[in-house]
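Asker: I have a structure here, written as structure tokens, and I will follow up with some questions on it.
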Amino acid sequence: MGFVLFEQKEAVGYITLNRPDKLNAFNREMAMLLQSALDECKSNQIRSVYITGSGKGFCAGQDLAEVIDPMGPGMAKILSEHYNPIVSRIRKLEKPVVAAVNGVAAGAGANIALCCDVVVAAESASFIQAFSKIGLIPDSGGTYSLPRLIGWQRASALMLMGDKVSATDAERMGMIYKVFPDESFGKESYRLALGLAKMPTRGLAFTKELLNKSFTSTFEDQLQNEDIYQQRAAQTADYKEGVNAFLEKRLPDFKGE
Ligand code: T3D
């Protein structure tokens, strides 16, 4: 079995981080496999992506045994070849990416989850900005995403102290979207990803692009961007289907076109 499992389930690209005995901590092979799986998700047959972990953890971040291995990739490559390409791929993918955080998410594991478009967690899951405890800085886009998600003060405290945040607290502070009970987590989180896969994919991709631009644009620029993207959305077949279905009082059948 590989360190990352990938399959298409209905129109969902289903990715499982798969080193359960190490809480799915990343070694180089696993980071490269995740990049390849995300590339597979560019296929038009896939209309949403679901990322989860096998076993009791979601992902414990960088494999700390690998960083001291003289044969390992070395710090110079770990961000530029492992984590930065992963989070860039997630942000650029033209479809929603759901992080289904089934257990502890620490270090790069937490920040990869937090850069996804919808983050849900099992009740027993937790999030740890573990970097400060070993003398590192938060990476994988965490210094960009966390203050924007929960505000400067909370992000600052969590990143400096490395406290564990329960899934319920993460939901309360706006770090993640929703918590599901452990017993139904797999089913409910997958249902959410499947629901997204049945929506107007192009419109969702445009929304994601606008959100990507949102934090670096002025208000006037963003109004301009909305004008441009709304015109693009209005040219999609799914928009026509959405309007017709509403007027004909039936459920829409979106094709992602
Ligand atoms: O060079 C660089 O490092 C740059 C890149 C940085 C990116 C980063 O992600 S830095 C942050 C790295 N991650 C951490 O510091 C987290 C380390 N792990 C933990 O603090 C704890 O494991 C957890 C709080 C996540 C979970 O604790 P617990 O008690 O539930 O589980 P455990 O017993 O600690 O771990 C279970 C096994 O997974 C254990 O292996 P063993 O003893 O049963 O053979 C443990 O060693 C292993 N494991 C967990 N995290 C890692 C790991 N092995 C290697 N690397 C890990 N990150």
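Asker: For residues that are buried (at least 18 other Cβ atoms within 10 Å of the Cβ) and not β-branched (Val, Ile, Thr), scanning just the stretch 150-164, find the one that is nearest to the ligand (Cβ to nearest atom).
Answerer: MET159
Asker: Taking the stretch 237-257 as the search range and keeping residues that are of a type in the set (Asp, Glu) and over 18 Å from LYS95 (Cα atoms), which one is most open to solvent (accessible area, probe 1.4 Å)?
Answerer: Filtering the stretch 237-257 for residues that are of a type in the set (Asp, Glu) and over 18 Å from LYS95 (Cα atoms), the one most open to solvent (accessible area, probe 1.4 Å) comes out as GLU248.
Asker: Right, here's the next one. Could you run through the stretch 102-115 and say how many residues are touching a Lys or Arg at 6+ places or on another chain (Cβ under 9 Å) and more than 9 Å from the ligand (Cβ to nearest atom)?
Answerer: 2
Asker: Ok, one more. Collect the residues in the stretch 165-182 that are surrounded by fewer than 20 Cβ atoms within 10 Å (Cβ to Cβ), at negative phi and of a type outside the set (Asp, Glu), keeping them in residue-number order.
Answerer: SER166, THR168, ARG172, MET173, TYR177, LYS178, PRO181
Asker: For the stretch 11-38: of the residues being small (Gly, Ala, Ser) and buried (at least 20 other Cβ atoms within 10 Å of the Cβ), which is nearest to the ligand (Cβ to nearest atom)?
Answerer: Among those residues, the one meeting the criterion is ALA25.
Asker: I would also like to ask the following. When you look at GLN231, is it out of contact with any strand residue (DSSP E or B) (no Cβ under 9 Å at 6 or more places or on another chain), surrounded by 13 or more Cβ atoms within 10 Å (Cβ to Cβ) and either more than 18 Å from TYR50 (Cβ to Cβ) or not hydrophobic (A, V, I, L, M, F, W, C) (or both), yes or no?
Answerer: When the stated conditions are applied, GLN231 does not pass them.
Asker: What are the pairs, 6+ residues apart or on separate chains, where a residue within the stretch 60-71 that is free of Cβ contacts under 8 Å to residues at least 40 places away in the same chain has its Cβ under 8 Å from a residue that is open to solvent by less than 70 Å² (accessible area, probe 1.4 Å) and within 6 Å of the ligand (Cβ to nearest atom)?
Answerer: These pairs meet every condition: VAL67/ILE78.
Asker: Which members of the stretch 39-63 meet the condition of being more than 16 Å from the ligand (Cβ to nearest atom) and surrounded by fewer than 24 Cβ atoms within 10 Å (Cβ to Cβ)?
Answerer: ASP39, GLU40, LYS42, SER43, ASN44, GLN45, ILE46
Asker: Now for a separate question. For the stretch 128-148, give me each residue that is more than 10 Å from the ligand (Cβ to nearest atom) and crowded, with 18+ Cβ neighbours inside 10 Å.
Answerer: GLY141, SER145, LEU146 - these are the residues of the stretch 128-148 that are more than 10 Å from the ligand (Cβ to nearest atom) and crowded, with 18+ Cβ neighbours inside 10 Å.
The values are calculated or read from the model by the stated rules, or taken from the named source; none is laboratory data. Treat the numbers as computed from the prediction; the structure is a model and nothing was measured. Every residue, glycine as well, gets a Cβ built from its backbone with ideal geometry; the counts of neighbours run over all protein chains shown. Remember, those area values only see protein heavy atoms, side chains included, never the ligands or the DNA or RNA. Shrake-Rupley method; radii C 1.70, N 1.55, O 1.52, S 1.80 Å.
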